[in-house]
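*Asks:* Got a structure for you, questions after.
The values are calculated or read from the model by the stated rules, or taken from the named source; none is laboratory data. The structure presented is a predicted model; accordingly, all values stated were derived computationally and were not measured. Ideal geometry is used to build each Cβ from the backbone, glycine not excepted, and the neighbour counts take in all protein chains shown. Ligands, DNA and RNA are stripped out before the accessible areas are found, and what is left, the full protein with its side chains, is counted by its heavy atoms. Shrake-Rupley method; radii C 1.70, N 1.55, O 1.52, S 1.80 Å.
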Amino acid sequence: MAFDYDLFVIGGGSGGVRAARVAAQGGARVALAEEDRYGGTCVIRGCVPKKLMVYASEFVDTVEDARAFGWDIAPGAFDWAGFRTRLHAELDRLEGVYRKLLSGNGVETFDMRAKLADAHTVELADGTRKSARHILLAAGGWPVKPGIKGEDLAITSNEVFHLDHLPESMLIVGGGYIACEFACILNGLGVKVTQYYRGAQILRGFDDEARGLVAEEMQQRGVELHLGTNVLEMSRDDASGGVLVKSTNGDERVFDKVMFATGRAPNTAGLGLEDIGVELGRNGEVMVDTYSQSTVPSIHAIGDVTDRVNLTPVAIRDGMAFVETIFGGNPTPVDHALIPTAIFTQPEIGTVGLSEEAASAQEPIEVYCTSFKPMQQAFAGRGDRALMKLIVSRENRKVLGCHIVAPGAGEMIQMAGIAVKMGATKEDFDRTVAVHPTMSEEIVTMKVPVRTG
Ligand code: NDP
């Protein structure tokens, strides 16, 4: 049977665009449908605008520190409207780059929603049908609210980049990446931030010591963090125009804005997947094997729509592995082991491998850890502490986990991630000469374990 295309990709985010482009470069006839903006969550409403907001929010500290270093400057006011205009101009530019990557490589694009009609047929929103030998689902995910009374009054991370003005006060609900990053960003931009998290400590799943330090530092910088606390219901407060929030700790408080960062769900609703036999999991995710193949052989899925590891570089890797498997004749499973990652809180966390808790549940370990005041911040009179931690296997001496809490931890963990991925032992770290004076030199100078487990 002759197909219109060799590959039809649904979703123009990081994963979908990469797979489409690389497949087309290899000679495949490729089409891609995107109903929203090209670039997906990462470029349009995630990593990129978030990181630009992180930069904006950190200048408060920079100005204060500069004074301590002898500069005669004073903090000014933050111009949200001016920053937002530049932010969106940058996102428009990046969206243009993504579109060009596709057109420049001969990928045909359809700026509309697409759903599946059968195992080899996509139906576009205008009713046209296109056939393809392979279909790749890369439709991403979307923020979800918890389903409580009055939740329509709250925004999510999607809307935070479009606020008309910065609120005076904001409640952020959740304790994951997004909640913690935005608590720090908005606090830095001068918003009075309160954060409710239902559990005992934010950033569940990360190393306990790292989570504890970040929570402490966030509070010291002004975030009012309430653990073991959740929202019961919300209503409009007519007097102030804000939102009245009743919470499980008995409080009733008014906030100018409320933001839910209570997780994300795969974008699979209304795609016609179950009708044609594509199995979905409990969270609506496409169930795939290690080659990203769904239960329908001609349909693969990558990125957040599979709810495996919801990170842009992972979606890109999964897309590359898919193209290599299907169009390169070289079956390549996804590799989700030892993924380094950063949380852009203030201070940042950079982490790769197992937490102390997960490692000690797995095997006997040694823990090397140091906590100190970095030179730059100490000189400026700030109390900030940094943390460097290695988890080492007692059996084979391999570094099982590396956790860094420090300014720039995201940059540091990329490098440490290479060593850990290569299977470096503690002794490999030890025989590496320190770069002095830096914060990261501590990672190669820890001589004695602080404990064993
Ligand atoms: P997460 O799954 O990381 O966190 C969701 C948070 O909301 C958790 O603290 C969870 O609590 C809480 N929660 C869930 N349901 C409820 C509820 N009904 N009521 C109250 N609280 C609730 O999701 P995020 O939205 O923060 O981020 C989504 C994904 O995006 C991340 O997992 C990550 O992969 C990616 N991401 C990565 C970033 C980076 O690399 N820097 C930045 C931002 C996002 P509990 O812990 O108790 O389940």
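*Asks:* Going by the conditions given, is residue 401 at positive phi, open to solvent by less than 60 Å² (accessible area, probe 1.4 Å) and touching a residue at least 60 places away in the same chain (Cβ under 8 Å)?
*Replies:* Judged against the criteria, residue 401 is not a match.
*Asks:* Check residue 142 against each of (1) in a strand (DSSP E or B); (2) open to solvent by less than 20 Å² (accessible area, probe 1.4 Å); (3) within 12 Å of the ligand (Cβ to nearest atom) and name the one condition it does not meet.
*Replies:* (2)
*Asks:* Against the definition (among the hydrophobic types (A, V, I, L, M, F, W, C), surrounded by 20 or more Cβ atoms within 10 Å (Cβ to Cβ) and more than 24 Å from the chain's Cα centre (by Cα)), how does residue 316 come out, yes or no? Spell out the reasoning first.
*Replies:* On the way: among the hydrophobic types (A, V, I, L, M, F, W, C): yes; surrounded by 20 or more Cβ atoms within 10 Å (Cβ to Cβ): yes; more than 24 Å from the chain's Cα centre (by Cα): no.
Taking the combined requirement at face value, the residue does not satisfy it.
*Asks:* Residues 100, 130, 115: which one is closer than 19 Å to residue 285 by Cα and of a type in the set (D, E, K, R)?
*Replies:* Step by step, each of 100, 130, 115 is checked, and only 115 is closer than 19 Å to residue 285 by Cα and of a type in the set (D, E, K, R).
*Asks:* For the range 289-382, which helices (runs of 4 or more DSSP H) that fit wholly inside it have 2 or more residues that are of a type in the set (A, V, I, L, M, F, W, C) and touching a Ser or Thr at 6+ places or on another chain (Cβ under 6 Å)?
*Replies:* Once the helices (runs of 4 or more DSSP H) in the range 289-382 are filtered for at least 2 residues that are of a type in the set (A, V, I, L, M, F, W, C) and touching a Ser or Thr at 6+ places or on another chain (Cβ under 6 Å), what remains is 312-326.
*Asks:* Follow-up. Taking the options 233, 252, name whichever one is touching a strand residue (DSSP E or B) at 6+ places or on another chain (Cβ under 6 Å), over 27 Å from residue 352 (Cα atoms), without any contact (Cβ under 8 Å) to a residue 12 or more places away in the chain and away from the ligand (no atom under 12 Å from the Cβ).
*Replies:* Matching residue, one of 233, 252: 252.
*Asks:* Restricting the first residue to the range 324-335 and requiring it to be among the hydroxyl-bearing types (Ser, Thr, Tyr), which pairs with a second residue that is surrounded by 19 or more Cβ atoms within 10 Å (Cβ to Cβ) and in a loop (DSSP other than H, G, I, E, B) meet a Cβ separation below 9 Å and a spacing of at least six or different chains?
*Replies:* 325/292
*Asks:* Which residues, counting only those in the range 286-331, are over 20 Å from residue 39 (Cβ atoms) and in contact with a Leu (Cβ under 7 Å, 6 or more places away or on another chain)?
*Replies:* 286, 287, 299, 300
*Asks:* Also: Restricting to the range 162-187, give me the number of residues that are open to solvent by 10 Å² or more (accessible area, probe 1.4 Å), away from the ligand (no atom under 11 Å from the Cβ) and either small (Gly, Ala, Ser) or not in a loop (DSSP other than H, G, I, E, B) (or both).
*Replies:* Residues in the range 162-187 being open to solvent by 10 Å² or more (accessible area, probe 1.4 Å), away from the ligand (no atom under 11 Å from the Cβ) and either small (Gly, Ala, Ser) or not in a loop (DSSP other than H, G, I, E, B) (or both): 2 in total.
So that you can scan it fast, the table gives a plain yes or no per residue for (1) assigned to a helix (DSSP H, G or I); (2) among the charged types (D, E, K, R):
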{"site": "7", "(1), (2)": "no, no"}
{"site": "17", "(1), (2)": "yes, no"}
{"site": "22", "(1), (2)": "yes, no"}
{"site": "27", "(1), (2)": "no, no"}
{"site": "35", "(1), (2)": "no, yes"}
{"site": "38", "(1), (2)": "no, no"}
{"site": "43", "(1), (2)": "yes, no"}
{"site": "52", "(1), (2)": "yes, no"}
{"site": "56", "(1), (2)": "yes, no"}
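*Asks:* Restricting attention to the range 198-210, report how many residues are within 8 Å of the ligand (Cβ to nearest atom) and open to solvent by 30 Å² or more (accessible area, probe 1.4 Å).
*Replies:* Here the count works out to 3.
*Asks:* Being β-branched (Val, Ile, Thr) and within 16 Å of the ligand (Cβ to nearest atom): is that true of residue 351 here?
*Replies:* Yes: the conditions hold for residue 351.
*Asks:* Still on this structure, I have one more. In the range 32-90, which residues are within 16 Å of the ligand (Cβ to nearest atom), among the small types (Gly, Ala, Ser) and either touching a residue at least 60 places away in the same chain (Cβ under 8 Å) or touching a strand residue (DSSP E or B) at 6+ places or on another chain (Cβ under 9 Å) (or both)?
*Replies:* Hits for the range 32-90 are 40, 46, 57.
*Asks:* Moving to a separate point now. Just the residues that are assigned to a loop (DSSP other than H, G, I, E, B) and closer than 16 Å to residue 53 by Cα, please, taken from the range 66-92.
*Replies:* 77, 78, 79
*Asks:* Only one of 432, 438 is open to solvent by 30 Å² or more (accessible area, probe 1.4 Å), out of contact with any helix residue (DSSP H, G or I) (no Cβ under 7 Å at 6 or more places or on another chain), in a loop (DSSP other than H, G, I, E, B) and polar (S, T, N, Q); which?
*Replies:* Within the list 432, 438, the selection yields 438.
*Asks:* In the range 328-360, which residue that is farther than 22 Å from residue 402 by Cα and surrounded by fewer than 21 Cβ atoms within 10 Å (Cβ to Cβ) is farthest from the chain's Cα centre (by Cα)? Please lay out each step first, then the result.
*Replies:* Narrowing the range 328-360 to residues farther than 22 Å from residue 402 by Cα: 328-334.
Filter once more, keeping what is surrounded by fewer than 21 Cβ atoms within 10 Å (Cβ to Cβ): 328-333.
On the way: 328: 30, 329: 32, 330: 30, 331: 28, 332: 25, 333: 23 Å.
Step by step, filter the range 328-360, then rank; the result is 329.
*Asks:* For the range 157-175, check the following and say yes or no: at least one residue is β-branched (Val, Ile, Thr), under 16 Å from residue 60 (Cα atoms) and touching a strand residue (DSSP E or B) at 6+ places or on another chain (Cβ under 7 Å).
*Replies:* No, every residue in the range 157-175 fails to be β-branched (Val, Ile, Thr), under 16 Å from residue 60 (Cα atoms) and touching a strand residue (DSSP E or B) at 6+ places or on another chain (Cβ under 7 Å).
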